[in-house]
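Step one of this worksheet: look at the structure below.
The values are calculated or read from the model by the stated rules, or taken from the named source; none is laboratory data. Note that the structure is predicted; figures quoted are calculated from it, not measured. Note that each Cβ is placed from the backbone with ideal geometry, even for glycine, and that neighbours are counted across all protein chains shown.
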Amino acid sequence: MDRKKLFNPEGDDTLNARKIIKGNSTNLFNLNNVRYQWANQLYRTMMANFWIPEKVDLTQDKNDYENLTVPEREAYDGILSFLIFLDSIQTNNIPNISDHVTAPEVNLLLAIQTFQEAIHSQSYQYIIESILPKQSRDLIYDKWRDDKVLFERNSFIAKIYQDFIDEQSDENFAKVIIANYLLESLYFYNGFNFFYLLASRNKMVGTSDIIRLINRDELSHVVLFRSEWAEKTIKTDGFCP
Ligand SMILES: [Fe+2]
Ligand SMILES: [Fe+2]
């Protein structure tokens, strides 16, 4: 499948001609005329979710971290490393998807998603700087490469993303959309649950509060990639790999 043209004066922006992919858009953000109404509603939700990591106080978490058991601390570091990888790859890969999206109302949502994934990355920086001792901060960023389980788990999704960059076929695009959905749902929730478990024992409550804010954003990303996208893309746009 071809990447959309950036400069396309011959594009047709009428609503009947609009498609999520494989359309012929001028790329103009004419948001007064929107074909996919669900995108309008989701835009409001995503914008209303804006938050700043530093507003969450992590003072108590610093004390809690020192009193975690060794397995708890290992899990805390490992899952943090897992999430750091996922948000990093999302920030980098969403524009690759957007390059093929020809409905401006959906491009708008993908731009906000990319911005939110970047905030998530910055929130991990805030957590690490506030809680972890200096000597172990850098180790967190490399843990996903050194830990066999983490590496295999991250490779599964990252390879699908990389395959689409290397070969932009319909089939690889479909795989990227499904991999993105799995990452935003199954993968993230798998990581979030540990922090909720700690908080239920009154440990690392500030970290859990930040994770809840990230979770709220990720939920909107799941909505963005769920049935509306799949149904409209496959049925309306005749996309069938
Ligand atoms: Fe994220
Ligand atoms: Fe996300």
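When you scan region 27-36, do you find a residue that is part of a helix (DSSP H, G or I), out of contact with any helix residue (DSSP H, G or I) (no Cβ under 6 Å at 6 or more places or on another chain) and surrounded by 14 or more Cβ atoms within 10 Å (Cβ to Cβ), even just one? No; the residues of region 27-36 include none that is part of a helix (DSSP H, G or I), out of contact with any helix residue (DSSP H, G or I) (no Cβ under 6 Å at 6 or more places or on another chain) and surrounded by 14 or more Cβ atoms within 10 Å (Cβ to Cβ). For Ser155, state whether it is of a type in the set (Ser, Thr, Tyr), loosely packed, with under 14 Cβ neighbours inside 10 Å, within 18 Å of the chain's Cα centre (by Cα) and at pLDDT 95 or above. Taking the combined requirement at face value, the residue satisfies it.
Just wondering, is there one or more residues in region 132-147 that are surrounded by 16 or more Cβ atoms within 10 Å (Cβ to Cβ) and under 16 Å from the mean Cα position of the chain (by Cα)?
Quick first cut of region 132-147, residues surrounded by 16 or more Cβ atoms within 10 Å (Cβ to Cβ) only: 132, 140-141, 143-144, 147.
This time we only want the ones that are under 16 Å from the mean Cα position of the chain (by Cα), so: none.
No: region 132-147 contains no residue that is surrounded by 16 or more Cβ atoms within 10 Å (Cβ to Cβ) and under 16 Å from the mean Cα position of the chain (by Cα).
A residue that is within 12 Å of ligand 2 (Cβ to nearest atom), assigned to a helix (DSSP H, G or I), charged (D, E, K, R) and at pLDDT 95 or above can be found somewhere in region 203-217. Report every pair of residues separated by at least 6 positions or lying on different chains whose Cβ atoms are under 6 Å apart, first residue within region 122-141 and of a type in the set (Gly, Ala, Ser), second at pLDDT 95 or above. Every condition considered, the pairs that remain are Ser123/Pro53; Ser123/Ile210; Ser130/Leu58. Selection of first residues in region 167-189 that are without any contact (Cβ under 8 Å) to a residue 40 or more places away in the chain and more than 16 Å from ligand 1 (Cβ to nearest atom) and of second residues that are in a helix (DSSP H, G or I) and among the aromatic types (Phe, Trp, Tyr), restricted to Cβ pairs under 8 Å at least 6 apart or on distinct chains, gives the following pairs, ordered by first then second residue: Asn172/Phe164; Lys175/Phe164. Each residue in region 1-18 was checked for being out of contact with any helix residue (DSSP H, G or I) (no Cβ under 7 Å at 6 or more places or on another chain), surrounded by 11 or more Cβ atoms within 10 Å (Cβ to Cβ) and assigned to a loop (DSSP other than H, G, I, E, B), and 7 of them qualify.
Remark: pairs (first residue in region 31-57, closer than 15 Å to Ser220 by Cα; second residue assigned to a helix (DSSP H, G or I) and hydroxyl-bearing (Ser, Thr, Tyr); Cβ separation under 6 Å; 6+ apart in sequence or on different chains) = Thr45/Ser220; Met46/Ser220. When the helices (runs of 4 or more DSSP H) confined to region 39-142 are screened for residues that are at pLDDT 95 or above and within 16 Å of ligand 2 (Cβ to nearest atom), those reaching at least 3 such residues are found at 70-98, 104-131. If you check Ala199, Ala179 for being closer than 30 Å to Lys19 by Cα, modelled with pLDDT of 95 or more and small (Gly, Ala, Ser), only one passes: Ala179.
In region 143-155, what residues are assigned to a helix (DSSP H, G or I) and in contact (Cβ under 8 Å) with a residue 12 or more places away in the chain?
From region 143-155, those assigned to a helix (DSSP H, G or I) are 143-146, 148-155; that's our starting set.
Correct list: Lys143, Trp144, Leu150, Arg153, Asn154.
Can you report the number of residues in region 178-190 which are more than 12 Å from ligand 2 (Cβ to nearest atom) and crowded, with 17+ Cβ neighbours inside 10 Å? Of the residues in region 178-190, 1 are more than 12 Å from ligand 2 (Cβ to nearest atom) and crowded, with 17+ Cβ neighbours inside 10 Å.
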